[in-house]
Amino acid sequence: MRFLGNIEAKTDAKGRVFLPAVFRKVLQASGEESLVLRKDVFQQCLTLYPESVWNEQMDLLRQRLNRWNKQHQELYRQFVSDVEVVVLDGSGRFLIPKRYLAMAGIDREVRFIGMGDTMEVWSAETARKPFVEPEEFGRQLEEIMSADE
């Protein structure tokens with residue numbers, strides 16, 4: 001499953017937005033019916049996980065955390081406590097709850113970014129700026145990709 005693209009959309013007055021058709025096709029081809037929405041761990045955006053990808057991430061996280069370690073339990077609880085299961089309606093729309101819109105600084109215009117096995121939902125204004133300056137992007141990519149040579 002690969003989500004690729006950078007697509008603008010708008011929320012309606014209730015906070016509903018159409019999942020881009022190209023992303024819906026990927027979901028349908030994979031047999032996915034629901035998504036899990038959560039605030040991104042590092043950025044001011046939302047992450048949409050297909051349910052199977054979310055389950056894989058939860059299994060991986062649970063394997064690495066000891067449920068008898070207080071700090072691990074708190075970390076796990078924080079990660080899973082503020083998620084929303086999302087199901088697309090017949091038109092391909094889903095509701096972004098108001099608290100999530102606020103967390104991501106989203107007003108009306110959003111930008112969906114395909115991130116491989118997940119999708120991000122950004123405020124369109126925030127996503128217009130480069131995430132990494134072009135020169136720095138090239139330098140970092142060169143460093144990472146040539147590290148094993």
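The values are calculated or read from the model by the stated rules, or taken from the named source; none is laboratory data. All values reported here derive from a predicted model rather than from experimental measurement. Glycine also receives a Cβ, built like all others from the backbone with ideal geometry; neighbour counts cover every protein chain displayed. The accessibility values were calculated without ligands, DNA or RNA, using every heavy atom of the protein model including side chains. Shrake-Rupley method; radii C 1.70, N 1.55, O 1.52, S 1.80 Å.
What number of residues within segment 33-42 satisfy the criterion of being within 17 Å of Glu120 (Cβ to Cβ) and assigned to a loop (DSSP other than H, G, I, E, B)?
Of segment 33-42, the ones within 17 Å of Glu120 (Cβ to Cβ) are 35-42.
Then keep just the ones that are assigned to a loop (DSSP other than H, G, I, E, B); that gives 40-42.
Counting residues in segment 33-42 that are within 17 Å of Glu120 (Cβ to Cβ) and assigned to a loop (DSSP other than H, G, I, E, B) gives 3.
Among the numbered conditions (1) farther than 23 Å from Arg99 by Cα; (2) more than 15 Å from the chain's Cα centre (by Cα); (3) of a type in the set (Val, Ile, Thr), tell me where Val53 comes up short.
Only one criterion is unmet by Val53, namely (2).
Only one of these is touching a Phe, Trp or Tyr at 6+ places or on another chain (Cβ under 9 Å) and of a type in the set (Lys, Arg): Arg24, Arg108, Arg64. Name it.
Details: Arg108 fails: touching a Phe, Trp or Tyr at 6+ places or on another chain (Cβ under 9 Å); Arg64 fails: touching a Phe, Trp or Tyr at 6+ places or on another chain (Cβ under 9 Å).
Arg24 is the lone residue from the list that is touching a Phe, Trp or Tyr at 6+ places or on another chain (Cβ under 9 Å) and of a type in the set (Lys, Arg).
Output the residues belonging to segment 10-47 that are out of contact with any Gly (no Cβ under 7 Å at 6 or more places or on another chain), more than 23 Å from Lys98 (Cα to Cα) and of a type in the set (Val, Ile, Thr).
Answer for segment 10-47, where residues must be out of contact with any Gly (no Cβ under 7 Å at 6 or more places or on another chain), more than 23 Å from Lys98 (Cα to Cα) and of a type in the set (Val, Ile, Thr): just Val26.
For Gly114, which of the numbered conditions (1) modelled with pLDDT of 95 or more; (2) of a type in the set (Gly, Ala, Ser); (3) open to solvent by 50 Å² or more (accessible area, probe 1.4 Å) fails to hold?
(3)
So for segment 65-80 (the condition being open to solvent by less than 80 Å² (accessible area, probe 1.4 Å), within 29 Å of Gly15 (Cα to Cα), of a type outside the set (A, V, I, L, M, F, W, C) and part of a loop (DSSP other than H, G, I, E, B)), does at least one residue qualify? Explain how you work it out, then say what you get.
Filtering segment 65-80 for residues open to solvent by less than 80 Å² (accessible area, probe 1.4 Å) gives 65-66, 69, 72-73, 76, 79-80.
When the remaining residues are screened for being within 29 Å of Gly15 (Cα to Cα), the result is 76, 79-80.
Imposing the further condition that a residue be of a type outside the set (A, V, I, L, M, F, W, C) reduces the set to 76.
Next, only the ones that are part of a loop (DSSP other than H, G, I, E, B) stay: none.
Among the residues of segment 65-80, not one is open to solvent by less than 80 Å² (accessible area, probe 1.4 Å), within 29 Å of Gly15 (Cα to Cα), of a type outside the set (A, V, I, L, M, F, W, C) and part of a loop (DSSP other than H, G, I, E, B), which makes the answer no.
Considering Val26, Val110, which residue is touching a Pro at 6+ places or on another chain (Cβ under 9 Å), under 28 Å from Lys129 (Cβ atoms) and of a type in the set (Val, Ile, Thr)? Give the derivation first.
Details: Val110 fails: touching a Pro at 6+ places or on another chain (Cβ under 9 Å).
Only one candidate passes the filter, namely Val26.
Given (1) out of contact with any helix residue (DSSP H, G or I) (no Cβ under 7 Å at 6 or more places or on another chain); (2) polar (S, T, N, Q); (3) not in a strand (DSSP E or B), where does Thr47 come up short, assuming only one miss?
(3)
With respect to the numbered conditions (1) open to solvent by 40 Å² or more (accessible area, probe 1.4 Å); (2) of a type outside the set (D, E, K, R); (3) under 11 Å from the mean Cα position of the chain (by Cα), which one is the sole condition not fulfilled by Thr47?
(1)
For segment 10-38, what are the residues that are among the small types (Gly, Ala, Ser), over 22 Å from Ser52 (Cα atoms) and surrounded by 15 or more Cβ atoms within 10 Å (Cβ to Cβ)? It would help to see each step written out before you state the result.
Filtering segment 10-38 down to residues among the small types (Gly, Ala, Ser) leaves 13, 15, 21, 29-31, 34.
Among the residues that remain, those that are also over 22 Å from Ser52 (Cα atoms) are: 13, 15.
Passing the criteria: only Gly15.
For the structure I just gave you, tell me whether Leu37 is in contact with a strand residue (DSSP E or B) (Cβ under 9 Å, 6 or more places away or on another chain), modelled with pLDDT of 95 or more and not small (Gly, Ala, Ser).
Against the criterion (in contact with a strand residue (DSSP E or B) (Cβ under 9 Å, 6 or more places away or on another chain), modelled with pLDDT of 95 or more and not small (Gly, Ala, Ser)), Leu37 qualifies.
Could you pull out the residue among Val17, Val26 that is β-branched (Val, Ile, Thr), touching a residue at least 24 places away in the same chain (Cβ under 8 Å), part of a helix (DSSP H, G or I) and closer than 21 Å to Phe3 by Cβ?
Testing whether each residue is β-branched (Val, Ile, Thr), touching a residue at least 24 places away in the same chain (Cβ under 8 Å), part of a helix (DSSP H, G or I) and closer than 21 Å to Phe3 by Cβ leaves just Val26.
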